[in-house]
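Worksheet: one structure, shown below.
Values in this text are rule-based calculations from the coordinates and carry no lab data. Since this is a predicted model, take the numbers as computed values, not measurements. Cβ placement follows ideal geometry from the backbone for every residue including glycine, while neighbour counts extend to all protein chains displayed.
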Amino acid sequence: MKIGIYGSVYAGNVKDKSIDYIGVDQGIIHLIKQNIKPIIAIGDMDSIEDKDLLKTLKVDEYSCIKDDTDTALALRYAFQQGYDVIDLYGVTQKRMDHFLAVLCLLEKYQDKQLTIYDELNKIYVLPAGKHKILKDEYYYFSVFAFDESIITLKECHYPLDHYYLKRDDPLCVSNQMNNDYAIIENTKAILLIQSK
């Protein structure tokens, strides 16, 4: 099942208006401006100035002093409701510490299908295997290893054949597709970033 989560940072309009959304803190406002009423509002609500906005919503409010980020709490709620395909918005830009925390969550929940969208990027995990990556609206793609992985890249400007990619190796940044797709083969899960 698929759901969307919109965090505090404005990241443009959602790609799929046919699914339900969780509003995280100020993400509630970003959704309402797109005529989307979140099924629940989750977080410490520290950036919501107009608290009356919350009166019409189901709210799961937390203290500002907590062990999890608001995004982690929203993901946990989504998993508990049976969702395993999740689009994430509003979790990049501004606070890099929060963005790095979200990347940790992508690595932690590799068994789920989590995709981060912002105005310039699409970020997700590719499980081990052979993948055909469509260009869509994105011009560049980059891959990064969580653990060491053997990488093969085809149908792109900078092909690789069974390259041993380590976690601290930035070699696979800023590649381009030759046509409308690229082929990626990886022996372990990797992080894929497609950028405009």
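Tabulated data
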quantity	calculated
0 to 90° range, to nearest 10: angle between helix 70-80 axis and the chain longest Cα axis	90 degrees
Net charge over other residues, Cβ less than 13 angstrom from the Cβ of Tyr140 (K, R count +1; D, E count -1)	+1
Three-way shape call for the stretch 53-111 based on the alpha-carbon gyration tensor, with the a/c threshold at 1.5	oblate
Charge tally in the Cβ shell below 11 Å around Ile40, where Lys, Arg are +1 and Asp, Glu are -1, Ile40 excluded	-1
D (Stokes-Einstein, µm²/s), Kirkwood Cα radius, the stretch 93-196, 0.890 mPa s at 25 °C	177 µm²/s
Base-10 log of normalised Debye intensity for the stretch 1-114 (one unit scatterer per alpha-carbon) at q = 0.14, 0.20, 0.24 Å⁻¹	-0.50, -1.09, -1.61
Value of Rg to Rh for the stretch 127-170 (Rh from inverse mean 1/r over Cα pairs, i.e. Kirkwood)	0.95
Around Ile150: net Lys/Arg minus Asp/Glu count, Cβ-Cβ under 15 Å	0
Residue pairs, from the table Lys33/Lys122; Lys122/Lys166; Lys55/Lys108; Lys33/Lys130; Lys37/Lys94; Lys51/Lys196, whose Cα atoms sit over 29 Å apart	Lys55/Lys108; Lys33/Lys130; Lys51/Lys196
For the chain, radius of gyration divided by Kirkwood radius, i.e. Rg to Rh on alpha-carbons	1.01
Dipole magnitude of the chain about its Cα centre (Cβ charges: Lys, Arg +1; Asp, Glu -1), debye to nearest 20	420 debye
Segments 78-87, 54-63 sorted - mean Cβ within 10 Å per residue, highest first	78-87, 54-63
Most fluctuating residue given options Ile22, Ile40, Ile65, as computed from a GNM of the chain linking Cα atoms under 10 Å	Ile65
Binned Cα-Cα distance frequencies in the stretch 152-196 - 5 Å width, integer %	5, 19, 33, 30, 11, 2
Distance in nm between pseudo-label sites at Lys130 and Tyr181 (7 Å out along the Cβ direction from Cα)	1.2 nm
FRET efficiency for Ser63 and Asp147, using Cβ-Cβ distance with R0 set to 35 Å, rounded to 0.05	0.50
